Structure formats: C-alpha cells, structure tokens
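K.L.:
Have a look at this one.
Nothing in this text is a laboratory measurement; each read-out follows from the coordinates by a stated rule. If you're wondering where the values come from, they're calculated on a predicted model, not measured in any experiment. Note that each Cβ is placed from the backbone with ideal geometry, even for glycine, and that neighbours are counted across all protein chains shown.
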Ligand code: ACO
C-alpha cells in the first residue's frame, strides 16, 4: 500500500468544431435570439467554445483525453486498474460513460464508474481516486472529466446557451511514495437544486419534464464566490499551508468574474490563476482537467509546483483539491 497518490500525466481533447462568439451570435440570430461578442466577453470572459458533432459522445471525448494522459504518463491502457469519469452528460442512462470509455480503450476488468457532481465532478472524482489508491484498492487510475453540454442547452435562452462548451480532460493518478495530493474538501447543499438544473428525466419510454439546462445566474454567481473561498481555506488548513504556498489556482472555468473574485478573496494575483474559459467556455466537469492539461503542456505549470484545484456547480456542489504536481 502506498501512502500517497500523484498525478503522473495529463491529457485533454476538444472536438474540432470551434465557434467564436460572433459565429454563435450569427447562428442564434437566424432563430431570432439576439446576443453579441461584446456582451458575452464583458459578462463572462468567454470568446469561443467547441461543440461536438452529432453522434459524438462524452465517452469519445473522454477516451481521447485519456489516451493523451496515458501517453504523457508513459503508460498503456492495460496498466490502468481504475477508471472514474465525472460527467453530467453521459452517453446513455446506463451503463456508465466510464464502462463505455473502458471498452473504447480496449481494456476490461478494472473498476469503472461515473461521478455525478456537475461542475464539481472532477474534484469529487480525484478525491475518490486518491482515497481508493491510499487504501490499496487501486494503483493506477484514470480520472476523467468529459462533457457534451451542447446537448442539454436551450438555444432559445440567451442567458445560458452562450456559456457552455464540450470537451474532456484527464489525469493519470498513480500510487506514490512521495506526496502528490495533499488535501481535499468536498461539500454539497441540496436545497439549492433549483438554481442550476436539468429537471427532465426518462420515464415510461418518454422524457418527463424539461431536459434542458435552467440557471438562475445571479444566485449561482453569489453562492459560487462564497463557497470557493471557504473550500480553498479549508483545504489549505487541512494541509497546514497558506494562500502564499499556492503556485497556481486552477479553478472551474465558468466565468472570468467568478475567478477574479475568488483570486481577490484569496489575495492571489490573476497571474497565478489558470484561465481557459476564454477559449473553451464552461465545459462543466471537464473544465479543470482541460485547464490543467493546457497549462502543463504550455510549460506554464511545472512538476513540483503546488496547485489548488477548485470546483463548484449544480447540486449545489463544491470542493477543492490541493496537490503537488
Ligand atoms: N446576450 C445579450 N444580452 C443578454 C444575454 C446574452 N447572451 N444574456 C442576458 N442578457 C441580458 C438580459 O436579458 C438582461 O437584459 P435586461 O437588463 O434588458 O433585462 C441583461 O443582459 C442583464 O442580465 P443578467 O442576467 O442580469 O446579467 P448578469 O450580469 O447577471 O450576467 C451571467 C449573467 C453571465 C449568467 C451571470 O449572472 C453569471 O456569470 N452568473 C454565474 C453563473 C455561471 O457562470 N454559471 C455557469 C454554470 S454554473 C457553474 O459552472 C458554477
């Protein structure tokens, strides 16, 4: 049994179809929905997002991100003994996207399951994988965030449809004798279900209720900023570290203004915050591992540095993971 788990490789994948704000605004205008690049950039920081083609599922995006992470870790898919996929847009009601992704990687036998914590899904999944490694149940895990949020957007609702995108990010988490994951902190408060949800479900062969995303943006904004500060402080306290020990904040990429407010509360300069929301939009559970992989591959984030990953989303759920890369 190993005392620690550590990230040994990162990967990501974006579907090729990229829409700038101007391109999305032009498409929406044909349906009588009015928006603009100026409005979207000013209120959210988003400039573009990627949308998957019809028929491309979360497991397709996640499998490609996983292959890239495996390559970075110098491992083969057959070395993996645990797969966790964080997603709110699985391929089907069941089986899990993780099982489908496992077969796409050409392996079988290891544990594979999904985690449903919406935009906090990746920090939940990483915390679970860390715990399973520390108890000896797994030694080499793939932890993946994969989403096709374009499938659950209401393109007649300009207050939500401009915010989200599709994509996937992955890490390989391995048992280690040296500390990688230092501490984590997870929370949920189900009384806020209604401020961000897709209320529909499948029943009796039909979709019951509305299967498209609903959000009270201002309520989400206020709640998000408060809980992200709390989660950051709780995680640092568990590890016995200070804000000044963090080299990089890798927050959920929902909105640049939420990230700026969080950084301000933690007295961190925006130079230390990884930002990809401008290019990806909000990819829900995929946003943190996607941002992490972009930062690692660009050379910005380096091995040995201390990172705070923070997620917040529907549920309401929130949490943070502090780690040495
Ligand atoms: N284009 C143009 N105008 C728009 C658009 C749009 N896409 N969307 C809304 N507007 C208009 C509204 O109709 C309104 O017009 P009115 O004043 O004439 O009524 C005006 O802009 C202001 O609308 P608000 O909803 O008050 O805008 P606000 O400044 O609150 O920004 C936003 C909305 C960006 C959603 C903001 O509330 C926010 O950032 N919320 C955080 C939620 C978030 O990021 N969620 C992501 C998912 S949750 C998660 O991942 C944690």
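K.L.:
Could you tell me the relative contact order of the chain? Use alpha-carbon pairs under 8 Å, at least six residues apart, and round to a whole percent.
P.N.:
The normalised contact order for the chain reaches 26 percent.
K.L.:
Just the number, please: percent antiparallel of the DSSP beta bridges in region 4-177, rounded to the nearest 5.
P.N.:
70 percent
K.L.:
With contacts defined as alpha carbon pairs under 8 Å and 6 or more residues apart, what's the relative contact order of region 36-116 in percent?
P.N.:
RCO, region 36-116: 31 percent.
K.L.:
Label residue 43 and residue 306 with points 7 Å out from Cα along Cα→Cβ: what is the distance between them in nm?
P.N.:
3.8 nm
K.L.:
Ranking 318, 248, 39 by Cβ neighbours within 10 Å, fewest first, what do you get? Before the final figure, lay out each step's value.
P.N.:
Numbers: 318 27, 248 21, 39 14.
In order of increasing Cβ crowding within 10 Å: 39, 248, 318.
K.L.:
DSSP beta bridges in the chain, what fraction antiparallel, as a percent rounded to 5?
P.N.:
Of all bridge pairs located within the chain, approximately 70 percent are antiparallel.
K.L.:
In addition: What whole number of Å gives the distance from the Cα centroid of region 1-40 to the Cα centroid of region 188-233?
P.N.:
Going from one Cα centre to the other spans 19 Å.
K.L.:
Sort 152, 258, 133 by Cβ crowding within 10 Å, fewest neighbours at the top. Intermediate results must be reported in sequence, preceding the final value.
P.N.:
Working: 152 17, 258 22, 133 27.
So the ranking, lowest neighbour count to highest, is 152, 258, 133.
K.L.:
Shifting gears a bit: Full-extension gain between residue 216 and residue 76, please, as 0.36 nm times their residue separation minus the C-alpha to C-alpha distance.
P.N.:
Extending this stretch completely gives an extra 46.1 nm.
K.L.:
Taking 0.36 nm per residue of sequence separation and subtracting the Cα-Cα distance, how much length would be gained by fully extending the chain between residue 111 and residue 244, in nm to one decimal?
P.N.:
In short, 44.1 nm is gained.
K.L.:
Does a label point 7 Å from the Cα of residue 207, set along Cα-to-beta-carbon, have any residues of region 151-171 with amide nitrogen under 13 Å, and which are they?
P.N.:
Counting only backbone N, you get 151-156.
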